[in-house]
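What follows is a single structure, written as C-alpha coordinates, with notes after it.
The values are calculated or read from the model by the stated rules, or taken from the named source; none is laboratory data. Quick caveat, the model's predicted, so the values are computed rather than measured. All Cβ positions, even for glycine, are placed from backbone atoms using ideal geometry, and neighbour counts span all protein chains on display. Note: areas computed on protein heavy atoms with side chains; ligands, DNA, RNA excluded. Shrake-Rupley method; radii C 1.70, N 1.55, O 1.52, S 1.80 Å.
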Amino acid sequence: MNLKHKIAGQLPDWRARVKKLLAESADVKVDEVNIGQIYGGMRNIKSLVTDISYVDPEQGIRLRGYTIDDLLEKLPKQPGHEIPLVGGLYYLLLVGEIPSLEEANEIESEWKKRSKLPGYLFDVLKAMPVDTHPMTLLSQGILALQRESLFAHHYHTGLKKDEYWDPMLEDSLNLTAKLPGIAAFIYRLKYKDGNYIAPDPALDFGQNFARMMGIEASGYDELTRLYMLLHSDHESGNVSAHATHLVGSALSDIYYALSAGMNGLAGPLHGLANQECLGWLLSVYDEFGGLPTKEQLYQYALKTLQGGLVIPGYGHAVLRKTDPRFSAQLAFGKKHFPEDQIFALASLVYDVVPDVLRDHSRTKDPWPNVDAISGSLQHHYGVREFDFLTVLFGVSRALGVTTNAVWARALGQPLERPKSLSTAMLEAVAAKAKGS
Ligand code: HAX
(Lines give C-alpha, C1' and ligand atoms only; values in the text may rest on other atoms or scores of the structure.)
Protein backbone atom coordinates (compact mmCIF):
# COMPACT_ATOMS: atom_id res chain seq x y z
CA MET A 1 0.00 0.00 0.00
CA ASN A 2 1.47 3.34 -1.13
CA LEU A 3 -0.15 4.96 1.90
CA LYS A 4 1.85 2.79 4.32
CA HIS A 5 5.14 3.52 2.56
CA LYS A 6 4.40 7.26 2.75
CA ILE A 7 3.78 7.14 6.51
CA ALA A 8 6.71 4.78 7.17
CA GLY A 9 8.96 7.11 5.13
CA GLN A 10 8.02 10.10 7.32
CA LEU A 11 8.44 8.34 10.65
CA PRO A 12 12.22 8.59 11.14
CA ASP A 13 12.16 12.39 10.72
CA TRP A 14 9.08 12.84 12.93
CA ARG A 15 10.50 10.62 15.66
CA ALA A 16 13.85 12.43 15.57
CA ARG A 17 12.08 15.81 15.68
CA VAL A 18 10.00 14.93 18.75
CA LYS A 19 12.99 13.29 20.46
CA LYS A 20 15.14 16.41 19.91
CA LEU A 21 12.41 18.74 21.15
CA LEU A 22 11.97 16.70 24.32
CA ALA A 23 15.70 16.24 24.89
CA GLU A 24 16.48 19.95 24.53
CA SER A 25 13.32 21.68 25.72
CA ALA A 26 11.18 19.42 27.92
CA ASP A 27 11.27 21.98 30.75
CA VAL A 28 10.36 25.04 28.63
CA LYS A 29 7.07 26.51 29.93
CA VAL A 30 4.21 26.77 27.37
CA ASP A 31 1.29 27.90 29.51
CA GLU A 32 0.13 28.60 33.04
CA VAL A 33 -3.01 27.21 34.68
CA ASN A 34 -5.28 29.13 37.02
CA ILE A 35 -8.03 28.03 39.39
CA GLY A 36 -10.71 29.36 37.02
CA GLN A 37 -9.46 27.03 34.32
CA ILE A 38 -9.23 24.02 36.62
CA TYR A 39 -12.86 24.53 37.69
CA GLY A 40 -13.87 25.80 34.24
CA GLY A 41 -13.53 22.75 32.03
CA MET A 42 -9.79 23.28 31.34
CA ARG A 43 -10.66 25.93 28.71
CA ASN A 44 -7.78 27.16 26.64
CA ILE A 45 -5.04 25.31 28.57
CA LYS A 46 -2.44 24.53 25.93
CA SER A 47 -1.71 20.92 26.82
CA LEU A 48 -2.44 18.72 23.79
CA VAL A 49 -0.50 18.17 20.60
CA THR A 50 -1.69 17.28 17.08
CA ASP A 51 -0.17 18.03 13.70
CA ILE A 52 -3.37 17.15 11.84
CA SER A 53 -5.57 20.21 12.46
CA TYR A 54 -5.57 23.61 14.12
CA VAL A 55 -8.47 25.99 14.92
CA ASP A 56 -7.58 29.66 14.53
CA PRO A 57 -10.09 31.85 16.43
CA GLU A 58 -10.36 34.34 13.53
CA GLN A 59 -9.93 32.06 10.52
CA GLY A 60 -11.34 28.74 11.68
CA ILE A 61 -10.12 25.24 10.96
CA ARG A 62 -7.03 24.31 8.99
CA LEU A 63 -6.59 20.65 8.13
CA ARG A 64 -2.88 19.90 7.66
CA GLY A 65 -2.42 23.65 7.18
CA TYR A 66 -5.09 24.02 4.48
CA THR A 67 -8.25 26.12 4.80
CA ILE A 68 -11.63 24.67 3.77
CA ASP A 69 -11.56 26.73 0.55
CA ASP A 70 -8.04 25.44 -0.27
CA LEU A 71 -9.20 21.87 0.24
CA LEU A 72 -12.32 22.23 -1.89
CA GLU A 73 -10.08 23.52 -4.65
CA LYS A 74 -6.99 21.30 -4.28
CA LEU A 75 -8.17 17.84 -3.17
CA PRO A 76 -8.78 15.50 -6.12
CA LYS A 77 -12.28 15.00 -7.51
CA GLN A 78 -13.77 12.29 -9.63
CA PRO A 79 -14.29 13.65 -13.18
CA GLY A 80 -17.57 15.58 -13.36
CA HIS A 81 -17.89 15.90 -9.57
CA GLU A 82 -17.94 19.16 -7.62
CA ILE A 83 -16.77 18.03 -4.15
CA PRO A 84 -13.49 16.13 -3.57
CA LEU A 85 -13.26 12.43 -2.82
CA VAL A 86 -13.45 11.46 0.85
CA GLY A 87 -10.56 9.06 0.21
CA GLY A 88 -8.38 12.05 -0.71
CA LEU A 89 -9.31 13.83 2.52
CA TYR A 90 -8.37 10.73 4.56
CA TYR A 91 -5.05 10.49 2.70
CA LEU A 92 -4.34 14.16 3.47
CA LEU A 93 -5.17 13.72 7.16
CA LEU A 94 -2.95 10.64 7.42
CA VAL A 95 -0.02 11.68 5.23
CA GLY A 96 -0.11 15.49 5.37
CA GLU A 97 0.15 15.91 1.57
CA ILE A 98 -2.50 16.66 -1.05
CA PRO A 99 -2.88 13.32 -2.87
CA SER A 100 -3.12 12.67 -6.57
CA LEU A 101 -6.43 11.30 -7.89
CA GLU A 102 -4.79 7.87 -7.99
CA GLU A 103 -3.73 8.12 -4.33
CA ALA A 104 -7.23 9.25 -3.30
CA ASN A 105 -8.70 6.33 -5.20
CA GLU A 106 -6.30 3.95 -3.46
CA ILE A 107 -8.03 4.77 -0.16
CA GLU A 108 -11.47 4.54 -1.76
CA SER A 109 -10.62 1.03 -3.02
CA GLU A 110 -9.13 -0.01 0.36
CA TRP A 111 -12.44 1.03 1.92
CA LYS A 112 -14.42 -0.98 -0.64
CA LYS A 113 -12.36 -4.12 0.11
CA ARG A 114 -12.94 -3.71 3.85
CA SER A 115 -16.58 -2.54 3.91
CA LYS A 116 -18.43 -5.87 4.34
CA LEU A 117 -20.43 -5.89 7.58
CA PRO A 118 -20.49 -9.15 9.58
CA GLY A 119 -23.88 -10.76 10.25
CA TYR A 120 -23.48 -10.54 14.05
CA LEU A 121 -23.35 -6.73 13.79
CA PHE A 122 -26.85 -6.63 12.26
CA ASP A 123 -28.04 -9.04 14.98
CA VAL A 124 -26.68 -6.80 17.76
CA LEU A 125 -28.35 -3.68 16.31
CA LYS A 126 -31.65 -5.42 15.55
CA ALA A 127 -31.79 -6.83 19.10
CA MET A 128 -31.99 -3.33 20.62
CA PRO A 129 -35.36 -1.81 21.63
CA VAL A 130 -36.86 0.29 18.81
CA ASP A 131 -36.65 3.53 20.78
CA THR A 132 -32.85 3.25 21.24
CA HIS A 133 -31.12 6.48 20.19
CA PRO A 134 -29.22 6.20 16.87
CA MET A 135 -26.01 7.35 18.61
CA THR A 136 -26.32 4.46 21.09
CA LEU A 137 -26.64 2.09 18.13
CA LEU A 138 -23.60 3.64 16.43
CA SER A 139 -21.46 3.31 19.54
CA GLN A 140 -22.66 -0.27 20.13
CA GLY A 141 -22.05 -1.20 16.51
CA ILE A 142 -18.46 0.04 16.74
CA LEU A 143 -17.90 -1.77 20.03
CA ALA A 144 -19.40 -5.00 18.69
CA LEU A 145 -16.67 -5.02 16.02
CA GLN A 146 -13.88 -4.83 18.62
CA ARG A 147 -13.26 -8.59 18.38
CA GLU A 148 -11.86 -7.86 14.89
CA SER A 149 -9.08 -5.56 16.17
CA LEU A 150 -5.71 -6.44 14.67
CA PHE A 151 -3.95 -4.14 17.12
CA ALA A 152 -5.42 -6.01 20.11
CA HIS A 153 -4.55 -9.35 18.52
CA HIS A 154 -0.94 -8.43 17.65
CA TYR A 155 -0.39 -6.66 20.98
CA HIS A 156 -1.20 -9.85 22.84
CA THR A 157 0.92 -12.01 20.57
CA GLY A 158 3.95 -9.68 20.82
CA LEU A 159 4.42 -6.38 18.98
CA LYS A 160 7.35 -3.94 19.19
CA LYS A 161 6.48 -0.37 20.21
CA ASP A 162 7.67 1.17 16.96
CA GLU A 163 5.34 -1.16 15.03
CA TYR A 164 2.16 -0.24 16.95
CA TRP A 165 1.02 2.19 14.28
CA ASP A 166 0.77 -0.44 11.53
CA PRO A 167 -2.10 -2.55 12.97
CA MET A 168 -3.64 0.70 14.26
CA LEU A 169 -3.75 1.91 10.64
CA GLU A 170 -5.19 -1.42 9.50
CA ASP A 171 -7.88 -1.21 12.19
CA SER A 172 -8.62 2.42 11.27
CA LEU A 173 -9.05 1.57 7.58
CA ASN A 174 -11.22 -1.43 8.45
CA LEU A 175 -13.42 0.57 10.79
CA THR A 176 -13.80 3.73 8.66
CA ALA A 177 -14.64 1.46 5.69
CA LYS A 178 -17.57 -0.02 7.63
CA LEU A 179 -18.95 3.14 9.28
CA PRO A 180 -21.00 4.46 6.30
CA GLY A 181 -22.73 1.06 6.05
CA ILE A 182 -23.35 0.92 9.81
CA ALA A 183 -24.78 4.47 9.82
CA ALA A 184 -27.00 3.85 6.79
CA PHE A 185 -28.22 0.56 8.30
CA ILE A 186 -29.10 2.37 11.55
CA TYR A 187 -31.07 4.93 9.50
CA ARG A 188 -32.98 2.25 7.63
CA LEU A 189 -33.53 0.15 10.76
CA LYS A 190 -34.96 3.09 12.71
CA TYR A 191 -36.91 4.98 10.06
CA LYS A 192 -37.31 2.94 6.87
CA ASP A 193 -37.98 -0.71 6.05
CA GLY A 194 -35.07 -2.11 8.10
CA ASN A 195 -33.39 -3.60 5.04
CA TYR A 196 -29.66 -3.16 4.53
CA ILE A 197 -28.67 -1.91 1.06
CA ALA A 198 -25.20 -3.24 0.21
CA PRO A 199 -22.61 -0.84 -1.29
CA ASP A 200 -21.81 -0.98 -5.01
CA PRO A 201 -18.06 -1.44 -5.74
CA ALA A 202 -18.34 0.91 -8.73
CA LEU A 203 -19.25 3.87 -6.49
CA ASP A 204 -17.20 6.19 -4.27
CA PHE A 205 -17.78 6.89 -0.54
CA GLY A 206 -20.32 9.68 -1.18
CA GLN A 207 -22.30 7.84 -3.85
CA ASN A 208 -22.35 4.64 -1.81
CA PHE A 209 -23.59 6.43 1.28
CA ALA A 210 -26.45 8.00 -0.72
CA ARG A 211 -27.27 4.54 -2.15
CA MET A 212 -27.16 2.76 1.25
CA MET A 213 -29.37 5.46 2.82
CA GLY A 214 -31.85 4.91 -0.01
CA ILE A 215 -31.74 8.58 -1.11
CA GLU A 216 -32.23 8.88 -4.83
CA ALA A 217 -32.28 12.70 -5.20
CA SER A 218 -29.29 13.79 -7.25
CA GLY A 219 -26.66 15.75 -5.29
CA TYR A 220 -26.80 13.86 -1.96
CA ASP A 221 -23.46 12.21 -2.78
CA GLU A 222 -21.90 15.69 -3.21
CA LEU A 223 -23.39 16.85 0.10
CA THR A 224 -22.08 13.69 1.80
CA ARG A 225 -18.54 14.37 0.56
CA LEU A 226 -18.79 17.98 1.73
CA TYR A 227 -20.20 16.97 5.12
CA MET A 228 -17.40 14.40 5.65
CA LEU A 229 -14.75 17.00 4.88
CA LEU A 230 -16.22 19.70 7.12
CA HIS A 231 -16.85 17.66 10.29
CA SER A 232 -13.76 15.44 10.21
CA ASP A 233 -11.33 17.15 12.57
CA HIS A 234 -11.29 20.22 14.85
CA GLU A 235 -8.09 19.91 16.94
CA SER A 236 -7.78 17.50 19.87
CA GLY A 237 -9.54 19.33 22.72
CA ASN A 238 -13.18 18.87 21.65
CA VAL A 239 -15.00 16.14 23.58
CA SER A 240 -15.16 13.46 20.85
CA ALA A 241 -11.51 13.88 19.83
CA HIS A 242 -10.25 14.09 23.38
CA ALA A 243 -12.30 11.10 24.59
CA THR A 244 -11.01 9.00 21.67
CA HIS A 245 -7.43 10.02 22.40
CA LEU A 246 -7.72 9.48 26.16
CA VAL A 247 -9.08 5.95 25.80
CA GLY A 248 -6.56 5.15 23.07
CA SER A 249 -3.72 6.36 25.29
CA ALA A 250 -4.25 3.27 27.48
CA LEU A 251 -3.36 1.26 24.34
CA SER A 252 -7.02 0.38 23.96
CA ASP A 253 -7.65 -0.34 20.28
CA ILE A 254 -9.51 2.02 17.93
CA TYR A 255 -12.83 0.20 18.38
CA TYR A 256 -12.83 0.87 22.13
CA ALA A 257 -11.45 4.38 21.64
CA LEU A 258 -13.84 5.50 18.89
CA SER A 259 -16.88 4.06 20.68
CA ALA A 260 -15.92 6.24 23.68
CA GLY A 261 -15.50 9.27 21.39
CA MET A 262 -18.97 8.70 19.94
CA ASN A 263 -20.46 8.60 23.44
CA GLY A 264 -19.01 12.08 23.95
CA LEU A 265 -20.26 13.31 20.58
CA ALA A 266 -23.76 12.25 21.67
CA GLY A 267 -23.85 15.00 24.35
CA PRO A 268 -26.12 18.03 23.73
CA LEU A 269 -23.26 20.50 24.31
CA HIS A 270 -21.29 18.83 21.52
CA GLY A 271 -22.46 16.86 18.47
CA LEU A 272 -26.10 16.60 19.49
CA ALA A 273 -26.38 20.40 18.98
CA ASN A 274 -27.00 19.86 15.26
CA GLN A 275 -30.42 18.33 15.90
CA GLU A 276 -31.36 21.29 18.15
CA CYS A 277 -30.55 23.74 15.32
CA LEU A 278 -32.86 22.12 12.80
CA GLY A 279 -35.55 21.96 15.49
CA TRP A 280 -35.24 25.70 16.15
CA LEU A 281 -35.42 26.58 12.43
CA LEU A 282 -38.56 24.46 11.99
CA SER A 283 -40.15 26.05 15.07
CA VAL A 284 -39.60 29.51 13.52
CA TYR A 285 -41.08 28.32 10.22
CA ASP A 286 -44.14 26.87 11.96
CA GLU A 287 -44.67 29.99 14.07
CA PHE A 288 -44.88 32.26 11.00
CA GLY A 289 -46.35 29.75 8.56
CA GLY A 290 -43.37 30.37 6.26
CA LEU A 291 -40.42 32.75 6.13
CA PRO A 292 -40.67 35.59 8.67
CA THR A 293 -39.65 39.19 8.02
CA LYS A 294 -36.30 40.25 9.50
CA GLU A 295 -38.10 42.15 12.26
CA GLN A 296 -40.29 39.15 13.13
CA LEU A 297 -37.19 36.93 13.22
CA TYR A 298 -35.34 39.43 15.43
CA GLN A 299 -38.24 39.39 17.91
CA TYR A 300 -38.50 35.56 17.83
CA ALA A 301 -34.77 35.16 18.53
CA LEU A 302 -35.04 37.71 21.34
CA LYS A 303 -37.93 35.71 22.81
CA THR A 304 -35.72 32.57 22.72
CA LEU A 305 -32.99 34.43 24.65
CA GLN A 306 -35.47 35.93 27.10
CA GLY A 307 -36.80 32.43 27.75
CA GLY A 308 -33.32 31.59 29.08
CA LEU A 309 -32.41 29.46 26.05
CA VAL A 310 -29.43 29.63 23.73
CA ILE A 311 -29.83 30.18 20.00
CA PRO A 312 -28.56 26.89 18.68
CA GLY A 313 -25.83 26.92 16.04
CA TYR A 314 -24.43 30.29 17.16
CA GLY A 315 -21.36 30.88 19.33
CA HIS A 316 -18.21 28.84 19.82
CA ALA A 317 -15.68 28.12 22.56
CA VAL A 318 -12.72 28.98 20.29
CA LEU A 319 -13.97 30.74 17.12
CA ARG A 320 -14.60 34.49 17.00
CA LYS A 321 -15.78 34.84 13.37
CA THR A 322 -18.23 33.04 11.06
CA ASP A 323 -17.17 29.38 11.01
CA PRO A 324 -15.79 28.62 7.50
CA ARG A 325 -17.53 25.25 7.76
CA PHE A 326 -20.82 27.22 7.94
CA SER A 327 -19.82 29.36 4.94
CA ALA A 328 -18.99 26.29 2.81
CA GLN A 329 -22.44 24.81 3.48
CA LEU A 330 -24.14 28.16 2.83
CA ALA A 331 -22.39 28.38 -0.55
CA PHE A 332 -23.44 24.79 -1.38
CA GLY A 333 -27.12 25.49 -0.61
CA LYS A 334 -27.10 28.84 -2.47
CA LYS A 335 -25.72 27.10 -5.54
CA HIS A 336 -28.00 24.05 -5.54
CA PHE A 337 -31.30 24.91 -3.85
CA PRO A 338 -31.56 28.63 -2.94
CA GLU A 339 -35.37 28.37 -3.15
CA ASP A 340 -35.61 25.66 -0.44
CA GLN A 341 -37.59 27.36 2.34
CA ILE A 342 -35.75 25.87 5.34
CA PHE A 343 -32.38 26.61 3.75
CA ALA A 344 -33.57 30.17 2.94
CA LEU A 345 -34.59 30.52 6.59
CA ALA A 346 -31.12 29.38 7.78
CA SER A 347 -29.62 32.11 5.52
CA LEU A 348 -32.03 34.72 6.88
CA VAL A 349 -31.12 33.75 10.45
CA TYR A 350 -27.48 34.51 9.55
CA ASP A 351 -28.54 38.06 8.54
CA VAL A 352 -30.38 38.69 11.80
CA VAL A 353 -29.18 36.59 14.76
CA PRO A 354 -25.63 37.98 15.14
CA ASP A 355 -27.22 41.41 15.83
CA VAL A 356 -29.63 39.92 18.38
CA LEU A 357 -26.76 38.16 20.18
CA ARG A 358 -24.57 41.28 20.14
CA ASP A 359 -27.42 43.44 21.45
CA HIS A 360 -28.87 41.08 24.04
CA SER A 361 -26.43 38.34 25.17
CA ARG A 362 -22.96 37.99 26.65
CA THR A 363 -21.70 35.64 23.94
CA LYS A 364 -18.09 36.22 22.92
CA ASP A 365 -18.89 34.90 19.45
CA PRO A 366 -22.21 35.99 17.88
CA TRP A 367 -21.42 34.15 14.63
CA PRO A 368 -22.73 30.82 13.30
CA ASN A 369 -20.89 27.54 13.86
CA VAL A 370 -20.96 24.39 11.67
CA ASP A 371 -24.28 23.21 13.15
CA ALA A 372 -26.31 26.32 12.24
CA ILE A 373 -27.02 25.11 8.72
CA SER A 374 -26.05 21.43 8.34
CA GLY A 375 -29.52 20.12 9.32
CA SER A 376 -31.25 22.34 6.73
CA LEU A 377 -29.13 20.77 3.95
CA GLN A 378 -29.98 17.25 5.13
CA HIS A 379 -33.64 18.30 5.40
CA HIS A 380 -33.59 19.35 1.74
CA TYR A 381 -32.61 15.81 0.69
CA GLY A 382 -35.26 14.22 2.91
CA VAL A 383 -33.17 13.29 5.98
CA ARG A 384 -35.62 14.83 8.43
CA GLU A 385 -35.23 12.53 11.41
CA PHE A 386 -33.50 14.95 13.82
CA ASP A 387 -31.86 12.37 16.06
CA PHE A 388 -30.00 10.79 13.14
CA LEU A 389 -28.00 13.96 12.39
CA THR A 390 -25.35 13.29 15.05
CA VAL A 391 -24.65 9.87 13.50
CA LEU A 392 -23.60 11.66 10.30
CA PHE A 393 -21.31 13.85 12.39
CA GLY A 394 -19.88 10.68 13.98
CA VAL A 395 -18.98 9.04 10.67
CA SER A 396 -17.11 12.18 9.65
CA ARG A 397 -15.44 12.76 13.04
CA ALA A 398 -14.12 9.18 12.88
CA LEU A 399 -11.98 10.22 9.92
CA GLY A 400 -10.14 12.81 11.99
CA VAL A 401 -9.80 10.93 15.26
CA THR A 402 -8.62 7.67 13.70
CA THR A 403 -5.83 9.46 11.83
CA ASN A 404 -4.81 11.13 15.09
CA ALA A 405 -4.83 7.71 16.77
CA VAL A 406 -2.48 6.26 14.13
CA TRP A 407 -0.02 9.12 14.63
CA ALA A 408 -0.33 8.94 18.42
CA ARG A 409 0.83 5.30 18.21
CA ALA A 410 3.52 6.12 15.63
CA LEU A 411 5.02 8.85 17.83
CA GLY A 412 4.64 6.83 21.03
CA GLN A 413 2.28 9.26 22.75
CA PRO A 414 2.00 8.09 26.37
CA LEU A 415 -0.83 7.25 28.73
CA GLU A 416 -2.78 10.44 29.56
CA ARG A 417 -2.91 10.98 33.29
CA PRO A 418 -3.34 14.58 34.56
CA LYS A 419 -3.13 15.24 38.32
CA SER A 420 -6.14 16.04 40.52
CA LEU A 421 -6.24 18.33 43.56
CA SER A 422 -8.92 18.69 46.21
CA THR A 423 -10.92 21.92 46.76
CA ALA A 424 -9.10 22.36 50.10
CA MET A 425 -5.76 22.20 48.28
CA LEU A 426 -6.93 24.83 45.76
CA GLU A 427 -8.18 27.03 48.64
CA ALA A 428 -4.72 26.74 50.20
CA VAL A 429 -3.06 27.68 46.89
CA ALA A 430 -5.42 30.69 46.60
CA ALA A 431 -4.74 31.80 50.19
CA LYS A 432 -0.99 31.56 49.67
CA ALA A 433 -1.19 33.58 46.44
CA LYS A 434 -3.12 36.34 48.28
CA GLY A 435 -0.63 36.25 51.15
CA SER A 436 -3.34 35.40 53.73
N1 HAX B 1 -27.25 31.98 22.46
C2 HAX B 1 -27.42 32.60 23.63
N3 HAX B 1 -26.45 32.82 24.51
C4 HAX B 1 -25.23 32.41 24.18
C5 HAX B 1 -24.97 31.77 22.96
C6 HAX B 1 -26.05 31.55 22.09
N7 HAX B 1 -25.90 30.91 20.93
N8 HAX B 1 -23.65 31.45 22.91
C9 HAX B 1 -23.11 31.89 24.08
N10 HAX B 1 -24.08 32.46 24.84
C11 HAX B 1 -23.94 32.95 26.19
C12 HAX B 1 -23.44 31.85 27.11
O13 HAX B 1 -24.51 30.99 27.50
C14 HAX B 1 -22.81 32.60 28.23
O15 HAX B 1 -23.86 33.07 29.05
P16 HAX B 1 -23.64 33.31 30.64
O17 HAX B 1 -22.60 34.38 30.73
O18 HAX B 1 -24.98 33.69 31.11
O19 HAX B 1 -23.18 31.97 31.19
C20 HAX B 1 -22.22 33.80 27.50
O21 HAX B 1 -22.92 33.92 26.24
C22 HAX B 1 -20.72 33.66 27.23
O23 HAX B 1 -20.52 32.45 26.54
P24 HAX B 1 -19.24 32.25 25.59
O25 HAX B 1 -18.02 32.36 26.43
O26 HAX B 1 -19.38 33.13 24.41
O27 HAX B 1 -19.46 30.77 25.05
P28 HAX B 1 -18.92 29.39 25.67
O29 HAX B 1 -17.51 29.17 25.25
O30 HAX B 1 -19.20 29.31 27.15
O31 HAX B 1 -19.87 28.33 24.97
C32 HAX B 1 -21.04 27.33 23.15
C33 HAX B 1 -19.73 27.99 23.61
C34 HAX B 1 -20.87 26.78 21.75
C35 HAX B 1 -21.39 26.12 24.10
C36 HAX B 1 -22.17 28.39 23.21
O37 HAX B 1 -21.87 29.43 22.31
C38 HAX B 1 -23.54 27.81 22.92
O39 HAX B 1 -24.20 27.29 23.83
N40 HAX B 1 -24.00 27.90 21.62
C41 HAX B 1 -25.25 27.32 21.21
C42 HAX B 1 -25.16 25.78 21.11
C43 HAX B 1 -24.32 25.35 19.94
O44 HAX B 1 -24.45 25.85 18.83
N45 HAX B 1 -23.43 24.34 20.17
C46 HAX B 1 -22.58 23.76 19.10
C47 HAX B 1 -21.14 24.24 19.18
C48 HAX B 1 -20.29 23.66 18.06
C49 HAX B 1 -19.97 22.22 18.32
O50 HAX B 1 -19.23 21.83 19.21
N51 HAX B 1 -20.58 21.34 17.59
O52 HAX B 1 -20.44 20.00 17.84
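Compute the Rg/Rh shape ratio of the chain: radius of gyration over Kirkwood radius, all on alpha-carbon atoms.
The Rg/Rh ratio comes out at 0.97.
Multiply the residue gap between Met128 and Leu101 by 0.36 nm, knock off their C-alpha separation, and tell me the result in nm, one decimal place.
Stretched fully, the Met128-Leu101 segment lengthens by 5.6 nm.
Report the relative contact order of the chain, percent, no decimals, based on alpha-carbon pairs under 8 angstrom and at least 6 residues apart.
Relative contact order, the chain: 20 percent.
Report in % the part of the accessible area of region 305-393 that belongs to carbon and sulfur, leaving out ligands and nucleic acids; probe 1.4 Å.
Here it works out to 52 percent.
Any of Lys190/Lys335; Lys19/Lys419; Lys116/Lys190; Lys6/Lys161; Lys126/Lys334; Lys126/Lys335 with alpha carbons more than 28 Å apart? Name them for me.
From the list (Lys190/Lys335; Lys19/Lys419; Lys116/Lys190; Lys6/Lys161; Lys126/Lys334; Lys126/Lys335), the Cα-Cα distance tops 28 Å for Lys190/Lys335; Lys126/Lys334; Lys126/Lys335.
So who's got an amide H within less than 5 Å of the one on Asp56, skipping anything under 5 residues away but keeping other chains? H placed 1.01 Å off N, in plane.
Under 5 Å from the amide H of Asp56 lie the amide H atoms of Ile61, Arg62, each far enough along the sequence or on another chain.
Can you give me the relative contact order of region 49-124 as a percent, contacts being Cα pairs under 8 Å and 6 or more apart?
With pairs under 8 Å counted, the relative contact order is 20 percent.
Mean-square fluctuation check for the chain, GNM, Cα pairs under 10 Å: which of Lys74, Lys20, Lys192 is largest?
Lys20
Net charge around Thr322, counting only other residues with Cβ within less than 11 Å of its Cβ (Lys, Arg = +1; Asp, Glu = -1)?
Combined, the nearby Lys, Arg, Asp and Glu give 0.
Over region 86-126, with every protein chain in place, what whole percent of the accessible area is carbon and sulfur at 1.4 Å, could you tell me?
It is 54 percent, rounded to a whole number.
If the label point is 7 Å along Cα→Cβ of Tyr155, which residues in region 165-185 have backbone nitrogen under 19 Å from it?
Counting only backbone N, you get 165-176.
Have a look at Val28, Val124, Val18 and tell me which one the Gaussian network model of the chain (Cα, springs below 10 Å) gives the largest fluctuation.
Looking only at Val28, Val124, Val18, the largest GNM fluctuation is found for Val28.
For region 325-331, in order, what is each residue's ³J(HN,Hα) by Karplus, 6.51 cos²θ - 1.76 cosθ + 1.60 with θ = phi - 60°, in whole Hz (x at glycine and Pro)?
Values per residue, Gly and Pro as x: 6, 5, 4, 5, 6, 4, 5 Hz.
Just tell me which aspartates and glutamates come within less than 18 Å, Cα to Cα, of Lys303; anything on the same chain fewer than 8 places away is out.
Glu276, Asp286, Glu287, Glu295, Asp351, Asp355, Asp359
Roughly how many Å² is the accessible area per residue of the chain, as a whole number, for a 1.4 Å probe?
Heavy-atom SASA per residue in the chain reads 46 Å².
Given a 1.4 Å probe and every protein chain left where it sits, what share in percent of the accessible area of region 19-66 is carbon and sulfur?
54 percent
In the P(r) worked out for region 202-325, what percent of Cα pairs fall beyond 24 Å?
For region 202-325, the share of Cα pairs beyond 24 Å comes to 50 percent.
Listed highest first by mean packing, meaning other Cβ atoms within 10 Å per residue, what order do 115-123, 162-170, 213-221, 321-329 come in?
321-329, 162-170, 213-221, 115-123
Ignoring ligands, DNA and RNA, how do Ser109, Ser376 rank by accessible area with a 1.4 Å probe, largest first?
These residues rank, largest area first, as Ser109, Ser376.
What 222 nm value per residue comes from the helices of the chain, counting each DSSP H run with n ≥ 4 as -39,500 (n - 2.57) and dividing by all residues, nearest 500 deg cm²/dmol?
-19000 deg cm²/dmol
I'd like the Karplus ³J(HN,Hα) series for region 165-181: coefficients 6.51, -1.76, 1.60, θ = phi - 60°, whole numbers in Hz, and an x wherever there's a Gly or Pro.
Taking θ as phi minus 60°, the curve returns 5, 5, x, 5, 5, 4, 4, 5, 5, 4, 6, 5, 5, 8, 4, x, x Hz for region 165-181.
Of the residues Ala127, Ala210, Ala198, which exhibits the maximal mean-square fluctuation in a Gaussian network model of the chain defined by a 10 Å Cα contact cut-off?
Looking only at Ala127, Ala210, Ala198, the biggest GNM fluctuation is shown by Ala127.
Compute the Cα gyration tensor for region 38-193, then decide on rounded, prolate or oblate, letting a ≥ b ≥ c be the square roots of its eigenvalues: rounded whenever a/c is under 1.5, prolate when a/b is larger than b/c in the other cases, and oblate in all that remain.
Rounded shape, in that the Cα axes give a/c under 1.5.
Would you calculate the separation in nanometres between label points at Leu11 and Glu216, each defined as 7 Å from the Cα along the Cα-to-beta-carbon direction?
About 4.9 nm, to one decimal.
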